[in-house]
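Below: one structure, written as structure tokens.
The values are calculated or read from the model by the stated rules, or taken from the named source; none is laboratory data. Computed from a prediction, not measured in an experiment: that's the story for all the values here. Here the Cβ positions follow ideal geometry from the backbone for every residue, glycine too, while neighbour counts run over all protein chains shown.
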């Protein structure tokens, strides 16, 4: 028994070490970007920043937020508005449609599900989609980030799997008590669906925040640019259209384009990374429910 107990303890130690190493490998790129952003320009040019930062400073962050020509703050505001509005609208639409498609009283629910899956597998393509959206007035319209992608078939299926685990007798009891459909959704299904709401909401928020190709196609006016579009101007092209990003000295600290790129990339990742811990406790249960019952 003692040998078996020792083997179990040894296995736990080895497993913990392996998991820590995997976590470090996953986290290292984020840390490296951060260390680049807070290092002085001389250390970056000389290749001295391998892991830890050298010459710690926040001048790159001050520069990108104070320099109005970069439009970093405008990009953050736009992305934040698109993400919040798009996530809320998508949650409402997905929640309602999932509820409807899991009611046995709707005889056509299976046919509608097949059509949704068909549209998910076979997409129309960029050009037909652009022609359709342009006819609907979504070109150079901020609503293009909110309405067209409001319902993801994948997330809809996960939500439907969750609803299938809720007894439909609850609806019958609520109808007997005089509740209507929206009251049932709000007072019964929403309180029971915190895990799936947090999970799907996180999925939608990450999807909207990280979108690049979609806004690049439909948002031509710079005042509607997302942080990802501005990030492209900073990281991929040093001129960013009509702007240049020279090496400057601010408060006695050398800032080069590499500092600015790293600081912008890190700030673009930070909001989602900060939100995740608050929904993590619901995230695991929501994923398991959607996968086991699906």
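Here are some notes:
- Filtered residues of the range 120-135 (kept if within 21 Å of residue 222 (Cα to Cα) and surrounded by fewer than 15 Cβ atoms within 10 Å (Cβ to Cβ)): 134
- Any hit, the range 78-98, residues being in contact with a strand residue (DSSP E or B) (Cβ under 7 Å, 6 or more places away or on another chain), over 30 Å from residue 160 (Cβ atoms) and touching a residue at least 12 places away in the same chain (Cβ under 8 Å): no
- Exclusive hit being in contact with a strand residue (DSSP E or B) (Cβ under 9 Å, 6 or more places away or on another chain), surrounded by fewer than 15 Cβ atoms within 10 Å (Cβ to Cβ) and over 23 Å from residue 276 (Cβ atoms), set 247, 181: 247
- Comparison of 2, 7 shows that the only residue that is farther than 21 Å from residue 268 by Cα, modelled with pLDDT under 85 and surrounded by 10 or more Cβ atoms within 10 Å (Cβ to Cβ) is 7.
- Inter-residue pairs, beta-carbon under 7 Å, first at positive phi and touching a residue at least 40 places away in the same chain (Cβ under 8 Å) and in the range 123-145, second outside any helix (DSSP H, G or I) and surrounded by 13 or more Cβ atoms within 10 Å (Cβ to Cβ), 6+ apart: 140/219
- Failed item, numbered, when residue 82 is tested on (1) at pLDDT 80 or above; (2) over 19 Å from residue 248 (Cβ atoms); (3) out of contact with any helix residue (DSSP H, G or I) (no Cβ under 6 Å at 6 or more places or on another chain): (3)
- Pair list, Cβ under 9 Å, 6 or more apart: the range 11-31 residue at negative phi and surrounded by 10 or more Cβ atoms within 10 Å (Cβ to Cβ), other residue assigned to a helix (DSSP H, G or I) and modelled with pLDDT under 80: 30/273
- Residue match in the range 58-68 (condition: surrounded by fewer than 18 Cβ atoms within 10 Å (Cβ to Cβ), touching a helix residue (DSSP H, G or I) at 6+ places or on another chain (Cβ under 7 Å) and in a helix (DSSP H, G or I)): yes
- Residue 254 being farther than 26 Å from residue 77 by Cβ, in a helix (DSSP H, G or I) and more than 20 Å from the chain's Cα centre (by Cα): no
- The range 169-178, residues that are surrounded by fewer than 13 Cβ atoms within 10 Å (Cβ to Cβ) and closer than 19 Å to residue 101 by Cα: 169, 172
- Within the range 72-86, the presence of a residue that is more than 30 Å from residue 140 (Cα to Cα) and crowded, with 19+ Cβ neighbours inside 10 Å is excluded.
- Among (1) modelled with pLDDT under 85; (2) surrounded by fewer than 21 Cβ atoms within 10 Å (Cβ to Cβ), the one test that residue 259 misses: (2)
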